[in-house]
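A.B. asks: So that we are looking at the same thing, I have put the structure below in structure tokens.
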Amino acid sequence: MKLYNTMTKRKEEFVPVEPGKVKMYVCGPTVYNFIHIGNARPMIVFDTVRRYMEHKGYEVNYVSNFTDVDDKIIAKAIEEGVSAEEISTRYIKECKQDMADMNVKPATTHPLATQEINGMIEMISDLIEKGYAYDVNGTVYFRTKKFEQYGKLSHKNLDDLRSGNRSLLVSGEDQKEDPLDFVLWKPKKEGEPFWGSPWSEGRPGWHIECSVMAKKYLGEEIDIHAGGEDLIFPHHENEIAQSECCNGKTFAKYWLHNGFLNIDNRKMSKSLGNFFTVREIKEKYDLQVLRFFMLSAHYRSPLNFSAELMESSKNALERIVNGVDHLKRLMDVAQEKELTQEETKNVEELKALAAKFDEAMDDDFNTADAVSAIFEIVKLANTTASADSAKAYLAQLKDKIVELSDILGLIVEKAEEILDEEIEQMIAKRQEARKARDFKKADEIRNELLEKGIILEDTREGVKWKRA
Ligand code: AMP
Ligand code: ZN
């Protein structure tokens, strides 16, 4: 498997730090509002990377943080007259809902910056001790000049940056030794959340959060560090400086960055106001369509959002869903019999197409070509499957389409419809089981209904049910 490493600007063979395991860190959102579909792009593409790694047999430890202390969160809290914590808690919950709706798996760990302050104080102290950081009146800065490799990820010309930043220096900031030095800890301002530290009552800078959380949950050397391309500089550059100076080891082997989601060829962003939230899209589309749209382009390419592209994504996804549904209906009537010679030959074709899917994904996660391989299987199914086909042949086609789609996080099997009548019958059976004190069976029935999206509620007036 090859992946493009921003650090080396080349596609490289993936060799994990520890055989069979992938340690992956993806910078998460700052939670002060509903996420927009630009923020959703890294969530979807790196969830797909994770799923593919799992398909390849790796055990993936996937860590993605929530930045829950930040100027924007504080500003929103003041605007609403509530605490910063209330704002971040609210939008973490909403973000997790959006992720679930986009079929983005929960991370192995979703750490919160505010819960990791001690670790940050420890790392900052360590950096000061080693001479990589300094305290000026309660503000702690990283000493970039001491880290010779500073700039290695973004390949920026540091002299240009220094002179550019020098002219931008605003009063109060000239306490820095160098224009490129960045904040590790800053003193509180009136009304802001703060924590005690050896330097001042205050809060950590943004970059230190990720260095600390990656170390705590994944270790000092990780395999993949990912995020949107706007994070390359300064955020990821600064994370490297902090982690490598503190730990004395290479921080991450592979740096993956997604391209921007644009609208009218401009980056979608909160500050420009040219955004759609995931919630807004959900009003119009099943979010599987959004996921399909995101995966129809290579993750490193810019992707322009438009209503037309969403419509064509909807139609394309429907073709797969209908193909699967058709196969299922044929399976209901097909006979259990040996595969014909023709069908055996088609199974070979099916295997070749599945290999093509893997080949595309092995080439730096070329999801667009992987989707094309799925379409070729759907076409094979549409042209060769009939009610006369062997049931096992139909099953192989269907299972492969569902399996490959699932690797991309696309759900293409229509949920089984369960009729009211069947629900009532199952509830009656559960009541009988309970009367007979067979609670195990009663629980099994409840769970079976839950899997079909039916929630039971035992009330004084009897059992009530609703669809989830
Ligand atoms: P933020 O909350 O702005 O720090 O963003 C969270 C994640 O979303 C980061 O990985 C960003 O790089 C990414 N991101 C923000 N806007 C876009 C966009 N328009 N296209 C792609 N990724 C984005
Ligand atoms: Zn980060």
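The values are calculated or read from the model by the stated rules, or taken from the named source; none is laboratory data. All values derive from a computational prediction rather than experimental measurement. Cβ placement follows ideal geometry from the backbone for every residue including glycine, while neighbour counts extend to all protein chains displayed. Remember, those area values only see protein heavy atoms, side chains included, never the ligands or the DNA or RNA. Shrake-Rupley method; radii C 1.70, N 1.55, O 1.52, S 1.80 Å.
A.B. asks: Relative to the Cα centre, what is the charge dipole magnitude of the chain, using +1 at the beta carbon of each Lys and Arg, -1 at the beta carbon of each Asp and Glu, and rounding to the nearest 20 debye?
C.D. replies: On the way: 67 positive and 83 negative charges, 35 e Å.
Dipole of the chain, to the nearest 20 debye: 160 debye.
A.B. asks: Could I ask something else about it? Run lengths n ≥ 4 of DSSP H only: what is the helix-derived mean residue ellipticity at 222 nm for the chain, with -39500 (n - 2.57) per run over all residues, to the nearest 500?
C.D. replies: Details: 15 runs with 224 residues, N = 468.
Here the helix-only value at 222 nm equals -15500 deg cm²/dmol.
A.B. asks: What figure in square angstrom, to the nearest 10, would you give for the accessible area of Ile92 with a 1.4 Å probe?
C.D. replies: The accessible area of Ile92 comes to roughly 20 Å².
A.B. asks: Sticking with this structure for a sec: Mean separation of Cα pairs under 8 Å and 6+ residues apart, divided by the residue count of the chain: what relative contact order is that in percent?
C.D. replies: Working: 689 pairs, mean separation 75.6, N = 468.
Relative contact order of the chain: 16 percent.
A.B. asks: Put a dot 7 Å past each Cα toward the Cβ at Lys9 and Lys105; how far apart are the dots in nm?
C.D. replies: Rounded to a tenth, the inter-label distance reads 3.4 nm.
A.B. asks: Carbon-plus-sulfur fraction of the accessible area of segment 1-148, 1.4 Å probe, in percent? List each step's numbers first, then the result.
C.D. replies: Details: 2910 of 6250 Å².
The C+S portion of the solvent-accessible surface of segment 1-148 is 47 percent.
A.B. asks: Return the long-range amide H neighbours of Glu59 (sequence gap of 5 or more, or a different chain), with a cut-off of under 5 Å between placed amide H atoms.
C.D. replies: Lys21, Val22
A.B. asks: Give me the lysines in straight-line cross-link reach of Lys11: C-alpha distance below 26 Å, same-chain residues under 8 apart excluded.
C.D. replies: Lys2, Lys21, Lys23, Lys56, Lys152, Lys156, Lys215, Lys249, Lys253, Lys267, Lys356
A.B. asks: Using +1 at the Cβ of each Lys and Arg and -1 at the Cβ of each Asp and Glu in segment 29-162, identify which of Ser154, Ala100, Ala75 lies farthest towards the dipole's positive end.
C.D. replies: Working it through, the farthest residue towards the positive pole turns out to be Ser154.
A.B. asks: Once R0 is set to 30 Å, what does the formula 1/(1 + (r/R0)^6) return for the Cβ-Cβ distance between Asn304 and Glu376, expressed as a FRET efficiency to the nearest 0.05? If you can, show how the numbers build up before the last one.
C.D. replies: Details: r = 26 Å, r/R0 = 0.87.
Efficiency computed from Cβ-Cβ geometry: 0.70.
A.B. asks: Along the charge dipole of the chain, Cβ charges K/R +1 and D/E -1, which of Ile377, Leu350, Asn304 sits furthest on the positive end?
C.D. replies: Asn304
A.B. asks: Considering only DSSP beta bridges whose two residues both sit in the chain, what percent are antiparallel, to the nearest 5? Spell out each step's value before the answer.
C.D. replies: Details: 24 of 46 bridges.
Antiparallel bridges: around 50 percent, rounded to the nearest 5.
A.B. asks: Aspartates and glutamates within cross-link reach of Lys440: Cα-Cα under 15 Å, excluding same-chain residues under 8 positions apart?
C.D. replies: Glu432, Glu448
A.B. asks: Tabulate in residue order the Karplus-calculated ³J(HN,Hα) for segment 362-368, using 6.51 cos²θ - 1.76 cosθ + 1.60 with θ = phi - 60°, rounded to whole Hz; enter x for Gly and Pro.
C.D. replies: 5, 8, 6, 6, 7, 5, 5
A.B. asks: Per-residue accessible area for Trp465 at 1.4 Å probe radius, Å² rounded to 10?
C.D. replies: 70 Å²
A.B. asks: What's the center-to-center distance, using Cα atoms, between segment 368-440 and segment 11-51 in Å?
C.D. replies: Between the Cα centres of segment 368-440 and segment 11-51 lies a distance of 29 Å.
A.B. asks: Could you work out how much longer the chain between Lys145 and Ser83 gets when fully extended? Use 0.36 nm per residue separation minus the Cα distance between them, nm to one decimal. Let's see the in-between values first.
C.D. replies: Numbers: separation 62, 0.36 × 62 = 22.32 nm, distance 3.83 nm.
This chain segment gains 18.5 nm when fully extended.
A.B. asks: So if each residue of separation counts as 0.36 nm, and I subtract the Cα-Cα distance between Ala75 and Asp178, what length gain in nm does that give?
C.D. replies: On the way: separation 103, 0.36 × 103 = 37.08 nm, distance 2.91 nm.
Difference between extended and current length: 34.2 nm.
A.B. asks: At 1.4 Å probe size, with the rest of the protein present, what percent of the exposed accessible area of segment 193-305 is carbon and sulfur atoms?
C.D. replies: Values: 2060 of 4140 Å².
The value for segment 193-305 is 50 percent carbon and sulfur by accessible area.
A.B. asks: I've got another one for you. Put a dot 7 Å past each Cα toward the Cβ at Asn118 and Leu158; how far apart are the dots in nm?
C.D. replies: For the pair Leu158/Asn118, the computed spacing is 3.5 nm.
A.B. asks: Hey, what D do you get for the chain in µm²/s if you plug the Kirkwood alpha-carbon radius into Stokes-Einstein at 10 °C and 1.306 mPa s? It would help to have the intermediate numbers written out before the result.
C.D. replies: Details: Rh = 25.3 Å.
Estimated diffusion coefficient is 63 µm²/s.
A.B. asks: R0 = 60 Å: FRET efficiency of Glu338 with Phe233, Cβ-based, nearest 0.05?
C.D. replies: Computed FRET efficiency for Glu338 and Phe233 comes out at 0.45.
A.B. asks: Hey, another quick one. For segment 260-398, with only Lys/Arg (+1) and Asp/Glu (-1) charged at the beta-carbon, what is the dipole magnitude about the Cα centre, in debye rounded to 20?
C.D. replies: Working: 19 positive and 23 negative charges, 135 e Å.
In total the dipole reaches around 640 debye.
A.B. asks: If r is the Cβ-Cβ distance from Asn265 to Asn315 and R0 is 22 Å, what FRET efficiency results, to the nearest 0.05?
C.D. replies: Values: r = 24 Å, r/R0 = 1.10.
Efficiency, from the Cβ-Cβ distance: 0.35.
A.B. asks: What number, in nm² with one decimal, is the all-direction average of the projected area of the convex hull of the alpha-carbon atoms of segment 325-404?
C.D. replies: Working: hull surface 19.0 nm².
For the Cα atoms of segment 325-404, the hull's average projected area reads 4.8 nm².
A.B. asks: Once ligands and nucleic acids are excluded and a 1.4 Å probe is used, how much of Glu13 is accessible, expressed in Å² to the nearest 10?
C.D. replies: 100 Å²
A.B. asks: Follow-up question, since we're still on this one. With no solvent and one equal point scatterer per Cα, compute the Debye intensity ratio I(q)/I(0) for segment 352-458 at 0.11, 0.20, 0.22 Å⁻¹ and report its log10, rounded to two decimals.
C.D. replies: Once normalised to I(0) and log-transformed, intensities are -0.58, -0.95, -1.06.
A.B. asks: Which pairs in the list Lys414/Lys435; Lys398/Lys464; Lys146/Lys186 are over 25 Å apart, alpha-carbon to alpha-carbon?
C.D. replies: Values: Lys414/Lys435 35 Å; Lys398/Lys464 36 Å; Lys146/Lys186 21 Å.
Checking Cα-Cα distances, Lys414/Lys435; Lys398/Lys464 exceed 25 Å.
A.B. asks: Here's a follow-up. Could you do me a favour and compute the accessible area per residue for the chain, 1.4 Å probe, result in Å²?
C.D. replies: Working: 22830 Å² over 468 residues.
Heavy-atom accessible area per residue stands at 49 Å².
A.B. asks: With a point put 7 Å past each Cα toward its Cβ, work out how far Ser386 is from Lys130 in nm, to one decimal.
C.D. replies: About 7.0 nm separates the two model spin labels.
A.B. asks: Rounded to a whole number, what % of the accessible area of segment 317-388 do carbon and sulfur atoms account for, probe 1.4 Å? Could the numbers behind the result be given before it?
C.D. replies: On the way: 1860 of 3910 Å².
After summing per-atom areas, the C and S share lands at 48 percent.
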